[in-house]
Every structure is written in C-alpha cells, then in structure tokens.
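Here the structure comes first, spelled out in structure tokens, and everything after it is commentary.
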Ligand SMILES: *Cc1c(COP(=O)(O)O)cnc(C)c1O
C-alpha cells in the first residue's frame, strides 16, 4: 500500500509519504482503533471471528487492545481464553445464549444477580427455555434437580445481596457426572480470591466494570472459558450478537488491572473493619460478609477463597425498617447511594425486592455496603453519626 505514484494533494491526505519515527516503547498498552483491518495478500481475505486462528480480520472481533485485555484476564483467572463484552450483563447473556435452546433446562441460584434473573424471566422463557431456581447452599444435592434436558448450572458465589457462599466443587462434581456445564459469576472475588477453574467451573463471568475497572468510569464484562470447545461455542454466538467493545475502555481496564492487587488488599482490610464494627452494634441482627462466621456458607468461603472483598450486607434488628435505614443513609456524607461498586468510593443501597426476591427473608431491614479506598476510621465515624440512635 506504499504510495509510489505521483499523486495529488487530496490523495496524499489519505496516502501520505511521511510518517512519525518508529520505536516508541511506552509502558502503556497502545489504544488501537479500527473497524477495517487490512489483509496483506488478496488470497488471505476471510471473515472469521476467531482472531487467534485467522490473525486480524475485522475490528468488531477485537483490536490488539481489547484482545490484550482478554489475554490478561484469561491469565489472571487461569482459564484458556477470554471474551470481552460491552457490559457484565452481556457477558452473562452470552453464556445463557451459548448453552441454551428451546426445550432445554437451566438451574439458577435463587440469590442470583437481579438483572441475570430478569434476563432469564423476560427473554429466555420467551424463547422456550425452562428455568428453575435452586437454594444457593444446596451443594451436591443439586444432582436431584438435573434432568435429561439440563444444559447449564449457574453459580454466583457469594450471591448478590444475601451473600451465601456456594459449594462450587460439589455442584460442579454433580453437574459433570451428568455432562452439564457450570458457569460462575466470579465478580465478587475479582478473579483474585477464588480460583474458579481449579474448583470446577467451565466458564466464568466478571463485571470488569467493578474491581478491574476499579474507578467507576467504564462498563465492560468478561467471559473466560476452560477449553477450546467452549471457546468456539461462545465465540460464534458473540459474533452473531454483533458485540464489540471500546479500545479506550479496554485500555483503562488494563491500567486498572495493574493496581488490582494493592486496591483489593486495602479494600479487604477496610471492609473487614467496617463489617466488624457493624457486627458489634446492638441494633444489628447479622452481618452478611463471607469472612465473618455469621455469613451463610462461611465455612465454604474459608475452605475455597484466599481473601475477601469490599461488598457485604447488614441486616438490622426490628423495629428498624426501610424508612429508618433510608433516614440514616441520607445522613451519610462519605457514602454515595448508587448501583454498581468496585471503585474507590464507598457506597450503600437498599435492594430492589422485586429484582432480588431472595432478600425478602430479611424483610426490609437489609442494606448493602461497598467499602472503597477512604480511611476506614473516617467511614466508621460517618456511620457512627448517621446510625446513632436518636
Ligand atoms: C454488576 C454486576 C454484573 C453486571 O455488570 P455490568 O457491567 O454493570 O453490566 C454482573 N454480575 C454481578 C455479580 C454484578 O455485581
């Protein structure tokens, strides 16, 4: 494509004869933009999504920036390969689409992330998929729910809002006996505190939006797979969905990964300190933090996880009800009120009980906290004044 002919200015604006010097060895991964990517020889022109096999064929299948992020997440999680999706939600949806068809059966934990349940209820049912929720602490007994048409078992550990820690190895053992795939939403552990593939998962999903992004300024998801067969199964579906991700956001996620360990360490310590503070209060019934014995499934956390993170729930004692919680939350000055988490800012929400029916067991006395990178003593002082009995 070198411009060897005598051309006019209009053409030279598109095919210049000068360029910048080569050899800039930045420590940052370059942001590659591109829809069209050029083939060198006409005989190489082919349209395949698998850029590992075909080299680069089109930008929507991944630029070097997005595929670098995918490679690093696959390495972090100890998986075979990884796909990057525009949101964590689409990562979940991709797994549903890739494993399930009309007349097939999926098992979903009752404490699943609300929008994952909503996708199953509002879309999958419409396409004839049979949906069944199971108690998250069921473990090996899930074998009795596996049917001839079961294709997929979801795990989410700890689960959203109610934080039950699942026995993933026991569920995976039961699933694999019947040739059923196991997918795990591994967002809480950031792929750091729980080795999903060593514990039997076939596919893992993360909301990169949370810890890997780490600064509440991007939306991305990931799906990491155990083997080539699963990679092919998901890749072709992702291609049909027409999904593509921003190289700028991918570059921010790569930057986030470089500080993931130090951020998580500080968040872990601060969250434990705040959770303990709640646990010692007389107006608190229970603290649902996997590293505390009061959390359902805590022994499993102790057996399988290497650490904890910043998200936990607090159940207050009656007569405290949602109105009182909301009054206290409005008095907080350092905690933001908003969805998502994993950034530097501490947050609090009360759950939407339509979206997360499993939380109804705690009445309307539950609030979910996320601890960020502020000084935990300042956070406790803020909670102290907001939740003071008055
Ligand atoms: C936030 C979250 C998601 C979805 O991530 P988005 O990027 O916000 O779509 C999926 N699973 C869990 C457990 C989450 O907390």
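Quick note: the coordinates plus some simple rules give every number you see, no bench work behind them. Small disclaimer: the values here were computed from a predicted structure and weren't measured. Neighbour counts run over all protein chains shown; Cβ positions are idealised from the backbone, glycine included.
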In the set 340, 309, the lone residue that is farther than 30 Å from residue 140 by Cα, assigned to a loop (DSSP other than H, G, I, E, B), touching a residue at least 60 places away in the same chain (Cβ under 8 Å) and within 15 Å of the ligand (Cβ to nearest atom) is 340
Residue count, region 95-119 (criterion: farther than 26 Å from residue 61 by Cα and surrounded by 15 or more Cβ atoms within 10 Å (Cβ to Cβ)): 12
Looking at (1) in a loop (DSSP other than H, G, I, E, B); (2) surrounded by fewer than 21 Cβ atoms within 10 Å (Cβ to Cβ), which is the one condition that is false for residue 381? (1)
Of all residues in region 1-38, how many are part of a loop (DSSP other than H, G, I, E, B), free of Cβ contacts under 8 Å to residues at least 12 places away in the same chain and surrounded by 10 or more Cβ atoms within 10 Å (Cβ to Cβ)? 1
In region 305-329, what residues are surrounded by fewer than 22 Cβ atoms within 10 Å (Cβ to Cβ) and touching a helix residue (DSSP H, G or I) at 6+ places or on another chain (Cβ under 8 Å)? 307, 315, 328, 329
Selection within region 72-94 - buried (at least 20 other Cβ atoms within 10 Å of the Cβ) and within 11 Å of the ligand (Cβ to nearest atom): 85, 88, 90, 91, 92, 93
Test set (1) more than 16 Å from residue 74 (Cα to Cα); (2) away from the ligand (no atom under 16 Å from the Cβ) - residue 258 fails condition number: (1)
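For every residue, the table says whether it meets (1) in a helix (DSSP H, G or I); (2) more than 23 Å from residue 363 (Cα to Cα).
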{"residue": "264", "(1), (2)": "yes, yes"}
{"residue": "268", "(1), (2)": "yes, yes"}
{"residue": "275", "(1), (2)": "yes, no"}
{"residue": "290", "(1), (2)": "no, no"}
{"residue": "318", "(1), (2)": "no, no"}
{"residue": "326", "(1), (2)": "yes, no"}
Any idea which residue in region 196-215 is surrounded by the most Cβ atoms within 10 Å (Cβ to Cβ), counting only those that are assigned to a loop (DSSP other than H, G, I, E, B) and within 11 Å of the ligand (Cβ to nearest atom)? 208
Output the number of residues of region 216-255 satisfying the condition of being within 16 Å of the ligand (Cβ to nearest atom), outside any loop (DSSP other than H, G, I, E, B) and either surrounded by 16 or more Cβ atoms within 10 Å (Cβ to Cβ) or free of Cβ contacts under 8 Å to residues at least 40 places away in the same chain (or both). 9
If the requirement is being within 30 Å of residue 193 (Cα to Cα) and free of Cβ contacts under 8 Å to residues at least 40 places away in the same chain, which of these qualifies: 76, 67? 67
Determine, yes or no, whether residue 275 is touching a strand residue (DSSP E or B) at 6+ places or on another chain (Cβ under 6 Å), closer than 25 Å to residue 208 by Cα and away from the ligand (no atom under 16 Å from the Cβ). yes
